[in-house]
Every structure is written in structure tokens, then in C-alpha cells.
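What follows is a single structure, written as C-alpha cells, with notes after it.
The values are calculated or read from the model by the stated rules, or taken from the named source; none is laboratory data. For clarity, every value in this text was computed on a predicted model and none was experimentally measured. Cβ placement follows ideal geometry from the backbone for every residue including glycine, while neighbour counts extend to all protein chains displayed. Note: areas computed on protein heavy atoms with side chains; ligands, DNA, RNA excluded. Shrake-Rupley method; radii C 1.70, N 1.55, O 1.52, S 1.80 Å.
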Amino acid sequence: IRAILLFFSLNILILSCSGYKGGIDDPVNASVLADEYFADKDKCDRKYKGKYLTIEGELSQSYINKFQENILILMEKDKKQGVKCTLVKAKKPLEKPFKLGETIKLNGRCAGFNEYVLLTGCIILKN
């Protein structure tokens, strides 16, 4: 029992030190999230910023930035705003490259809005 209590205490300590603020349980559509942010950034920051979101959307762009991070932009063709997802750095390349237009589901921490809704520390979820 001591080991179990110690395990849970350490996890709570780690989460509180990491800035974890909880998450949104239900998956959020990338276009809906981007539209919400575009309409009222301050309200959405209070609702989402710092929280972990599961998000799903259409891949419109994929590239590696100057920090060698994989970036995925989820945005529908007819939209002007979307979600920019920075993937967690991996030791090996992605197993299968994504195709533009493909629907992708991932989890990441919302960092607010700056041209795009920003998600950091993203991991790709299996569909």
C-alpha cells in the first residue's frame, strides 16, 4: 500500500510541477476550435489555453521547422484559420508519412492563438 500511495503522490507532484491544468475529455474538431478562437480569443484562452486537447482535423500542410520539429497544420480547404500542431520530438522519423487531406487525430497542449491555434507537445493517436 505504501508503494501505491508513493506512486500516486509522485504522479500528482509531477503533474502539478509540469503545469498540467487538466484536459478536455471530448475530441475537438480542428475547424470548430479555430472558428471559436477567431471569434473570441480571450474567451477561448480561458477555456482551452494550458489544457490538453484531443483534436481531429484535415491535414493541409506538413513540414519540419528550424528547430527540427515536425509541424502539422490542420485546416479545411475552405477555411482561413486552422490549428498548428508541433509534434513531440521523436528519435526516429514517422513510420508512415501523412497525405494532404487525410484526417488526423492527436493530443496536445493548447498554447493559445497566433495566426493559428497552437498545440504543442502533440502525439498522434491511432484512429
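Please enumerate the residues belonging to segment 27-43 that are of a type in the set (Asp, Glu), open to solvent by less than 80 Å² (accessible area, probe 1.4 Å) and assigned to a helix (DSSP H, G or I). Scanning segment 27-43 gives Asp35, Glu36. Here are Asn70, Asn65: which of them is within 20 Å of Val88 (Cα to Cα), loosely packed, with under 15 Cβ neighbours inside 10 Å and of a type outside the set (Phe, Trp, Tyr)? None of the other options fit; the residue is Asn65. Among the residues of segment 44-62, those that are open to solvent by less than 50 Å² (accessible area, probe 1.4 Å), of a type outside the set (A, V, I, L, M) and under 16 Å from Arg109 (Cβ atoms) comprise Cys44, Asp45, Tyr48, Gly50, Thr54. You will find that of Asn114, Asn70, the residue that is under 22 Å from Asp42 (Cβ atoms), modelled with pLDDT under 95 and polar (S, T, N, Q) is Asn114 and no other. Looking for something in a strand (DSSP E or B) and either open to solvent by 10 Å² or more (accessible area, probe 1.4 Å) or touching a residue at least 24 places away in the same chain (Cβ under 8 Å) (or both) - is there at least one such residue anywhere in segment 86-97? Scanning segment 86-97, I find at least one residue that is in a strand (DSSP E or B) and either open to solvent by 10 Å² or more (accessible area, probe 1.4 Å) or touching a residue at least 24 places away in the same chain (Cβ under 8 Å) (or both), so the answer is yes.
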